[in-house]
Amino acid sequence: MPERENTVKIALVTGYLGAGKTTLLNHILGNDEGLRAAVIVNDIGAVNIDADLIRESGATKVENVIPLTNGCICCTLSDDLADQLAGIADSGDFDYIIIEASGICEPMPIAYTISEFCDQRIADGQAPLALDNIIAVVDCARMLDEFDNGRSLLAENLDEDDVESLLVEQLEFCTTVILNKTDLVTPEELSEVKAIVRSLQKDAVILEAVEGKVPLSELLNTGRFDFDDVYESAAWLDLMVNPEDHGDPELLEYGISTFVYGRRKPFDLDAFGEFAAHWPDTIIRTKGMTWIAQQPDTCFLLEQAGQQRTFIDNGSFVAALPEEEQTQVLEENPGIMARWDSTCGDRQTILVFIGKGMDRGAIESALDACLTDWEG
């Protein structure tokens, strides 16, 4: 749906703790371009420190700084966020809304909440809103530290797994990446950070900054956000959807590579659990479907970032569905038939690996040792 002339645009700023989100926000608000912006700042604690810093910065011309505390806007505060967005849009006083998410928020559920609300407002004929840009702020030095399994910069209220996982999630779902604090790394290290970012996020615009200073035209009124496009911009998804195009590992710079592991035999759960207990720390990201011998009809989704891994029931394989339901699903999703096997149907394991210094042969051999025969 085309935007109206008076549409209030929204920018969502994400990034883990200390990356420079508030510094970036103050840079935006200290502009001299007549921006009429409202700011929503989310902090998990009861006292919203970032909102106070923005108010007291002396540079901002914004009076409307709205703190949302004691929760995350992607879950417990989603109704509060919707109320604030509605009030700002209906006031007619602002051209733009800038939302600074908490450092431990995942961007996709926030973007979904905002997008759904924006669509509803337009459908109701009320003041229209549109999510315009999702900005991920990255501390270059800390990013190198995290992916080298460093420990010295970890926040006290987060463990290493949370930081690594959040960083990956924030990079995979964004439209603009700001590599902040470039003055703290060498040119070679900066190039390495860029390579890591691009291995996770194939489409977002990447900008370099010191103290969050980048042109406003790269942050506001960009027209970059489209939910489906951003969802599909994660590098792992392209590898997953088109595994036949990635038979050989894609070698990037600085020892970063990607490959797809695909097999038509199930894993023995105990053997796979043993492999997972010694997961190679050279692997930055893994995502995909797994077939387990002990529950052969269930597709499990494996997701790994850093040292954090999740393994969840993702529903039944199509081949395990009753015939009538199976036929309907295949008619609605003809792409499944392109990878259908006469013996096991769509049962298979397809895992995307992204890492630095990975030994593909060793990883595949270790995974193959977890496979077992299946008699359907």
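In whole angstrom, how far apart do the alpha carbon centroids of the range 335-353 and the range 175-232 sit? The range 335-353 and the range 175-232 have Cα centres spaced 35 Å from each other. Among the lysines, which have Cα under 21 Å from the Cα of Lys356 when same-chain residues fewer than 8 positions away are ignored? The reachable lysines, counting only those whose Cα sits under 21 Å from Lys356, are Lys194, Lys202, Lys287.
Which shape class, rounded, prolate or oblate, goes with the range 161-238 when its Cα gyration tensor gives a ≥ b ≥ c as root eigenvalues, a/c under 1.5 marks rounded, and past that a/b bigger than b/c marks prolate? Cα axes put the range 161-238 in the oblate bin. On the beta carbon distance between Leu184 and Ser342, with R0 = 51 Å, the FRET formula returns roughly 0.35.
Take every pair of alpha-carbon atoms less than 8 Å apart whose residues are at least six positions apart; their mean separation over the length of the range 273-370 yields a relative contact order of 33 percent.
Rule-based calculations on the coordinates, nothing more; no lab input. The shown structure was predicted, so the numbers you read here are calculated from the model rather than taken from an experiment. Here Cβ is always computed from backbone atoms with ideal geometry, including for glycine, and neighbour counts include all displayed protein chains.
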